[in-house]
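A.B. asks: Below is one structure. I have some questions about it.
The values are calculated or read from the model by the stated rules, or taken from the named source; none is laboratory data. Please read all numbers here as calculations on a predicted model, not as lab measurements. When we count neighbours, we look across all protein chains shown, and the Cβ atoms used for this are built from the backbone with ideal geometry, even at glycine.
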Amino acid sequence: MKSRPLSRLDRVLVEIEHALGTAFDPQPACTRPSPALGIDEAPLEDDQRRHAGGLMRINHVGEVCAQALYSGQAAVARDPQVRRQLLEAAAEETDHLAWCGERLHELGDRPSLLNPLWYGGAYAIGAVAGLLSDRLSLGFVVETERQVEAHLQGHLGKLPEADLRSRAIVRQMKEDEARHADQAQAAGGLDLPAPAKGLMRLAANVMRAVAYKI
């Protein structure tokens, strides 16, 4: 049976379904096993567990935002190759989302209560960047992933030494984000102006401060 092309309404409904799944599904499907698989759970003090939970909640929010950014950018991308690249990166970010959600559950913690807000804001930013140009959109990916890579490196220094399961997840995420940045740069991503990078860094700092607790 031949399938019909998606109408504009169909695409809107698909985007809404994806947004709801990303913001509210506690355990989305993933294509790769968690890097924590096979690593024993170490005993943690209550304050260490709470701290690890706060850090992994930040990382979970980061993956919610990544899903939204890539979806917003892909929705308006002009070049089919750019759209395909964004969607492929989003698929790996879904793995990250699932791993962080699983780890939060293991730590006895929860995702951010503000996930719908994070998703909506990031989707809008991604769509605006994509509407300006595909190369600018790819440049936005490069800078986002570079900042996330640095942020994850910082978390490796902040997580409890004994929390090897969280560390394994963060380490793999860091490697994936660096690869996404390299791929976007190789595809022609523009270098963003310094003020734009600064604003992105400021917004990320606000998100991290809020998501650690809420």
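A.B. asks: Of all the residues that make up segment 173-186, how many are within 17 Å of LEU136 (Cα to Cα) and either at pLDDT 90 or above or crowded, with 18+ Cβ neighbours inside 10 Å (or both)?
C.D. replies: Here is the first cut: in segment 173-186, the residues within 17 Å of LEU136 (Cα to Cα) are 180-186.
Pick out the ones that are also either at pLDDT 90 or above or crowded, with 18+ Cβ neighbours inside 10 Å (or both) and you get 180-182, 184-185.
Within segment 173-186, residues that are within 17 Å of LEU136 (Cα to Cα) and either at pLDDT 90 or above or crowded, with 18+ Cβ neighbours inside 10 Å (or both) number 5.
A.B. asks: If a residue must be polar (S, T, N, Q) and surrounded by fewer than 19 Cβ atoms within 10 Å (Cβ to Cβ), how many such residues does segment 148-171 contain? Show your work before the answer.
C.D. replies: Keep residues of segment 148-171 that are polar (S, T, N, Q), which gives 153, 166.
Adding the requirement that they be surrounded by fewer than 19 Cβ atoms within 10 Å (Cβ to Cβ) leaves 153.
Summing the residues that are polar (S, T, N, Q) and surrounded by fewer than 19 Cβ atoms within 10 Å (Cβ to Cβ) in segment 148-171 gives 1.
A.B. asks: Next question. Determine which member of the set ASP109, ASP95 is out of contact with any Leu (no Cβ under 8 Å at 6 or more places or on another chain), outside any helix (DSSP H, G or I) and of a type outside the set (A, V, I, L, M, F, W, C). It would help to see each step written out before you state the result.
C.D. replies: Values: ASP95 fails: outside any helix (DSSP H, G or I).
When all the criteria are applied, what remains is ASP109.
A.B. asks: Select from segment 23-71 the residues that are hydroxyl-bearing (Ser, Thr, Tyr) and out of contact with any Leu (no Cβ under 7 Å at 6 or more places or on another chain) and write down the one among them that is modelled with the highest pLDDT. Step through it out loud before you land on a result.
C.D. replies: First pass over segment 23-71, keeping only residues hydroxyl-bearing (Ser, Thr, Tyr): 31, 34, 70-71.
Now narrow it down to the ones that are out of contact with any Leu (no Cβ under 7 Å at 6 or more places or on another chain): 31, 34, 71.
Details: THR31: 77, SER34: 91, SER71: 84.
This residue is SER34.
A.B. asks: Just one of (1) touching a Lys or Arg at 6+ places or on another chain (Cβ under 6 Å); (2) surrounded by fewer than 20 Cβ atoms within 10 Å (Cβ to Cβ) trips up GLU88, so point out which.
C.D. replies: (1)
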